[in-house]
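Each remark here refers to the structure printed beneath this line.
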Protein chains: 2
Amino acid sequence: MTQPLITPVILSGGAGTRLWPLSLPERPKQLHALSGTSTMLQMTAARVRDSALFTAPVVIASTRHAEPIAAQLAAISVEPLATILEPVGRNTAAAVALAALEGDPDALLLIMPSDHVIGRPDRFLAAVAAGAVQAEQGYLVTFGITPTRAETGYGYILRGAPLGAGAWAVDRFVEKPDRERAEQYLAGGQHDWNGGIFLFRARDMLAGLEVHAPDILAAVRAALAKGRRDLGAVQPDAASFAAVRSQSIDHALLERHERVAVVPVDMDWSDVGSWDALHDIAAKDADGNSRSGEVLAQDSRNCLFHSTGPRIVAAGLEDLIVVATADAVLILPRGQSQRVKELVDRVAPPPARPLSASE
Amino acid sequence: MTQPLITPVILSGGAGTRLWPLSLPERPKQLHALSGTSTMLQMTAARVRDSALFTAPVVIASTRHAEPIAAQLAAISVEPLATILEPVGRNTAAAVALAALEGDPDALLLIMPSDHVIGRPDRFLAAVAAGAVQAEQGYLVTFGITPTRAETGYGYILRGAPLGAGAWAVDRFVEKPDRERAEQYLAGGQHDWNGGIFLFRARDMLAGLEVHAPDILAAVRAALAKGRRDLGAVQPDAASFAAVRSQSIDHALLERHERVAVVPVDMDWSDVGSWDALHDIAAKDADGNSRSGEVLAQDSRNCLFHSTGPRIVAAGLEDLIVVATADAVLILPRGQSQRVKELVDRVAPPPARPLSASE
């Protein structure tokens, strides 16, 4: 059987504060080079460049990020099949509906957040190939990240009956568990993390939304009908799109659908959800320090030094996170990066509503 | 006896690196507000404002600092009696000679570095009054800072015979001692720190230089003769002044002169020679943190936070020095600020020669 072409759909959403002061509403995480010299958006696009497998990507992003996104993709010679600019974020159900309605209904869509790191892209591609077999048969496919710790911050997916070729029917989606359950899931080996990566035929997804979230589908359709197409981008009508119900595609559709498959994949995945997470995956020097930007560190161990602004000059430090931009310097012990959100709230009140769509 | 008017001579020299990244050649320590809202230069000038005791000050500074010095003094309504701008630094003997040659030979000159902090200016003024009695009698007077620790980084002065009224003849000047000697000096109570603050009649100082360092005096005189007087400042000729031998007034004159007195004074003095020294004297919050600039520190203790640039946001820190400017962020444990010089040398090679004069 010939492998069909798959259309990658890159979701550039989020205005998270967990990587403050680097990630900011006007320049979120995926637009930064966190774990290398490419930005996470660029790495996401680069992962699906093989033209034997993939079409050019569809990019769904906030209107306010249109320019840097176009520039970053142009810098790696990626020309999107389409760019859809959301005037306001309405979560992933709306974002996915935009992609499905705008393209070929027979296309297989590979939905990917743009702010994840995947250390083993070869395994990712193998999983996508396995998922395509199921998607061709009408399954909505989700990829289940093999857990590496008893994480309480993610949702889990319980495998059901095997479908063959590396895929399982989904028994059920599980909300973020408490510590005890997370330990059980990790030990049991039947649960995977829900990483928000999906593969399905556009037509099947739209049919599912028609049944399970018809209001979202109708509202997105209306916003597109009244929208604009210029400057190479699709822009849904702002007022109509603002009226779309904000829900994740997981909740709106996958958890309710009868034909959902999971393809487990162990691919050194990270959502880089904190400075500690970045230190975990980052390349380190002989002293265990990860460094980005201009950094002079003497006699220091197991620190994260990240600057996009002033030069960092340090001596005698251990287990410290130091992040510097032109506007702010964040310093806290490693293992405490969950405090960033609270600190940011004290520095600047959060925006009143989500700034872009996709997660 | 009527107290004669004293002319303060403020030496704005130095291009030290120990308070890097704040102190820089183009903006040395004394031009910053380190321990309050006034700069150290302003605090130095403010200390000698009583017009019943002092004339307006003579300021001796590097040409390159002329503008900020004029602005900072104007901001506190101090109009210098004279400003002498050195094209290049030639240490304190040359700087003091400039002041003495430019003014009234009968004036009493109070020589003061501009980058010291004095917590008890009342005691300083009392010591100056005591010193004036000796200076009137032809003594070159030095003020001996009462030691508070066995410091090995300063020179010491051993008291000789009492001259009365709080003054002693100087037995001898002692170079920076080793730890053991420093302990002995502290315990013995006969040694004071040499803080580089002096008081003498201009005529007596010039006569002393004529005997003990005639080359310096002649060279400074020549540089003044060929110099310019414009824009309200005296500017010795650059080539001639560059030829002046660079030596401290202590070495060139006071250590050789037969008529030198010391007035001991306990005045909460600090030369703020390091970030640790600044933390020692700075005002602190309830958690022992000293803060300057925009700082948010949560759950942190005994730290120094100093920013003139990016906002510092910290949590969970203890005993840390954090200094941020637009160009650099310095981070190191308290007690290790002597490492700054070495770090700076690695960041940027030091200038080839001293940049200004007075110490």
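The values are calculated or read from the model by the stated rules, or taken from the named source; none is laboratory data. On a predicted model such as this, the values are computed, not experimentally measured, just so you know. Neighbour counts run over all protein chains shown; Cβ positions are idealised from the backbone, glycine included.
Going by the conditions given, is B:Ala66 over 21 Å from B:Thr325 (Cβ atoms) and touching a strand residue (DSSP E or B) at 6+ places or on another chain (Cβ under 6 Å)? In short, yes.
When you scan region B:282-301, how many residues do you find that are in a loop (DSSP other than H, G, I, E, B), at negative phi and touching a Lys or Arg at 6+ places or on another chain (Cβ under 8 Å)? Give the derivation first.
First, pick out the residues of region B:282-301 that are in a loop (DSSP other than H, G, I, E, B): B:282-289, B:293-294, B:299-300.
The next check asks that each one be at negative phi; those that pass are B:282-287, B:289, B:294, B:300.
After this cut, where a residue has to be touching a Lys or Arg at 6+ places or on another chain (Cβ under 8 Å) as well, the list is B:285, B:287, B:289, B:294.
Total satisfying the criteria: 4.
For region B:315-336, a residue qualifies if it is part of a loop (DSSP other than H, G, I, E, B) and facing chain A (nearest Cβ under 7 Å), and the qualifying residues are B:Gly316, B:Leu317, B:Thr325, B:Ala326, B:Asp327, B:Gln336. The residue pairs whose first member lies in region B:116-132 and is in contact (Cβ under 8 Å) with a residue 40 or more places away in the chain, whose second member is of a type in the set (Lys, Arg), and whose beta carbons are closer than 7 Å, counting only pairs six or more residues apart or on different chains, are B:Ile118/B:Arg47; B:Pro121/B:Arg47; B:Phe124/B:Arg47.
Would you pick out the residues in region A:302-311 that are out of contact with any Gly (no Cβ under 7 Å at 6 or more places or on another chain) and part of a strand (DSSP E or B)? Those that are out of contact with any Gly (no Cβ under 7 Å at 6 or more places or on another chain) and part of a strand (DSSP E or B): A:Leu304, A:Phe305, A:Arg311. Checked across region A:43-61, the condition of being at pLDDT 95 or above and within 18 Å of A:Gly273 (Cα to Cα) holds for at least one residue.
Scan region B:138-151 and tell me whether some residue there is closer than 24 Å to B:Arg256 by Cα, of a type in the set (Lys, Arg) and surrounded by fewer than 16 Cβ atoms within 10 Å (Cβ to Cβ). Looking for residues that are closer than 24 Å to B:Arg256 by Cα, of a type in the set (Lys, Arg) and surrounded by fewer than 16 Cβ atoms within 10 Å (Cβ to Cβ), one finds none in region B:138-151, hence no.
A Cβ distance below 7 Å, combined with a sequence gap of six or more or placement on separate chains, defines the contacts here; from region A:140-154, residues that are at pLDDT 95 or above reach residues that are surrounded by fewer than 20 Cβ atoms within 10 Å (Cβ to Cβ) and part of a loop (DSSP other than H, G, I, E, B) in the pairs A:Leu140/A:His257; A:Leu140/A:Arg259; A:Thr146/A:Asp266. The set of residues from region B:270-322 being polar (S, T, N, Q) and within 29 Å of the chain's Cα centre (by Cα) comprises B:Ser270, B:Ser274, B:Asn289, B:Ser290, B:Ser292, B:Asn302, B:Ser307, B:Thr308.
A:Val234 - would you say it is at negative phi and touching a Phe, Trp or Tyr at 6+ places or on another chain (Cβ under 9 Å)? Against the criterion (at negative phi and touching a Phe, Trp or Tyr at 6+ places or on another chain (Cβ under 9 Å)), A:Val234 does not qualify.
Given the criteria farther than 30 Å from B:Ala187 by Cα, assigned to a helix (DSSP H, G or I) and among the hydrophobic types (A, V, I, L, M, F, W, C), does B:Ala94 qualify?
So B:Ala94 fits the description; yes.
Among the strands (runs of 3 or more DSSP E) confined to region B:155-242, the ones with at least 2 residues that are exposed (fewer than 14 other Cβ atoms within 10 Å of the Cβ) are located at B:156-164, B:228-230.
Filtering region A:282-314 to residues that are at the interface with another protein chain (Cβ under 7 Å from one of its Cβ atoms), under 17 Å from B:Lys341 (Cα atoms) and crowded, with 20+ Cβ neighbours inside 10 Å leaves A:Ile312, A:Val313, A:Ala314. Annotation: A:Asp276 fulfils all but one of (1) crowded, with 21+ Cβ neighbours inside 10 Å; (2) within 14 Å of another protein chain (Cβ to nearest Cβ); (3) not in a strand (DSSP E or B); the unmet one is (1).
Scanning region A:332-356 for residues being at pLDDT below 50 and more than 12 Å from A:Gly16 (Cα to Cα) gives a total of 1. Scanning region B:109-120 for residues that are modelled with pLDDT of 95 or more and surrounded by fewer than 18 Cβ atoms within 10 Å (Cβ to Cβ) turns up just one, B:Arg120.
The set of residues in region B:31-84 that are in a helix (DSSP H, G or I) and of a type in the set (Val, Ile, Thr) comprises B:Thr44, B:Thr63, B:Ile69.
Testing A:Val265 on (1) surrounded by fewer than 19 Cβ atoms within 10 Å (Cβ to Cβ); (2) in contact with a Lys or Arg (Cβ under 7 Å, 6 or more places away or on another chain); (3) closer than 30 Å to A:Gly160 by Cα, one condition comes back false. Which one is that? Only one criterion is unmet by A:Val265, namely (1).
Look at (1) modelled with pLDDT of 95 or more; (2) buried (at least 23 other Cβ atoms within 10 Å of the Cβ); (3) not small (Gly, Ala, Ser) and you find that B:Leu101 fails only one, number (2).
The single condition among (1) buried (at least 24 other Cβ atoms within 10 Å of the Cβ); (2) under 28 Å from B:Val133 (Cβ atoms); (3) not polar (S, T, N, Q) that B:Glu86 does not meet is (2). In region A:243-262, the residue that is surrounded by the fewest Cβ atoms within 10 Å (Cβ to Cβ) out of those that are within 16 Å of A:Ala219 (Cα to Cα) and among the β-branched types (Val, Ile, Thr) is A:Val244. Against the list (1) assigned to a loop (DSSP other than H, G, I, E, B); (2) within 14 Å of another protein chain (Cβ to nearest Cβ), the condition B:Arg339 fails is (1).
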